[in-house]
Amino acid sequence: MHVVLVGPPGAGKGTQAQLIAARLQIPHVSTGDIFRENVSEMTELGQQAKTFMNAGDLVPDEITVAMVRDRLAKPDAHAGFILDGFPRTLVQAEQLQKTLAELDENLDVVLEMKPDDEELIRRLSGRRTCQGCGRIWHVVYDPTLVENRCDECGSGLSQRDDDQPETIRRRLQVYREQTEPLVGFYADLGLLAVIDAVGTVDQVTLRAVQALREALSA
Ligand code: AP5
């Protein structure tokens, strides 16, 4: 199964991708996570990406496309993948089609997650991420039993540098200008399924699984 998740910052892409990937036993490929790992390991890629990320801007296409091409060529992605945060521009979407054609693969479905704008801000400002296993938490919607300690692996939690109000506003603007046009691109290819991203995590997962089933049986 080859799935792309599209939606604004805070729509719940990472949360749902973790759950669906575990269920389908396919890798969850998040470009944001790969960039953040590189930033924390202070690699050359991380240094190139950091300035763009902290400003809430997109990392240039050529850097991002090359990184994803390498990731999708790895053996674990042959069984399928769920892409979270990629593609984000029309250039990236076209390059993804090209990469998949080279690998003799196709996308099965693009899930657009449609949230409520005010809810996005609440979700992003309360988000915490486990520094050990990467599990995504929320201080109100999905709190840990012990403050700032992951229930699943016991590591500490951190807040993302780009989850500050000004950067959140910029990321939302960038989404509208550069990523939303992808919805039309994938609708024209007959790959788009839209799900309501408002509601509890479980409710959204049910809608996502239903949309994936319908796409597979179409
Ligand atoms: P990236 O990491 O991809 O961030 P994003 O797209 O802005 O999305 P987020 O991770 O903020 O939100 P999400 O939708 O995954 O929400 P989550 O599940 O965490 O990208 C970061 C940066 O990297 C970019 O700005 C850019 O600079 C760069 N980058 C990445 N990809 C790139 C690309 N392709 N090209 C160029 N640059 C790129 O949920 C948020 C919170 O809400 C969590 O706390 C969660 O617990 C909570 N929550 C989730 N669902 C629910 C629910 N149903 N109810 C209540 N709370 C919920």
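Quick note: the coordinates plus some simple rules give every number you see, no bench work behind them. Since the model is a prediction, treat every value here as computed from it, not as a measurement. Reconstructed Cβ throughout: ideal geometry from the backbone, glycine too, with neighbour counts over all protein chains shown.
General remarks:
- Cβ-Cβ under 6 Å pairs, at least 6 apart or on other chains, the stretch 176-201 side farther than 14 Å from Leu120 by Cα, far side of a type in the set (Asp, Glu) and within 16 Å of the ligand (Cβ to nearest atom): Val183/Glu112; Val194/Glu112
- Applying the condition of being of a type outside the set (Gly, Ala, Ser) and within 11 Å of the ligand (Cβ to nearest atom) to the stretch 11-28 and asking which residue is nearest to Arg127 (Cα to Cα) yields Thr15.
- Among residues of the stretch 152-163 that are of a type in the set (Gly, Ala, Ser), those with a Cβ under 8 angstrom from a residue that is within 10 Å of the ligand (Cβ to nearest atom), sequence gap 6+ or separate chain, pair up as Ser158/Arg128; Ser158/Thr129.
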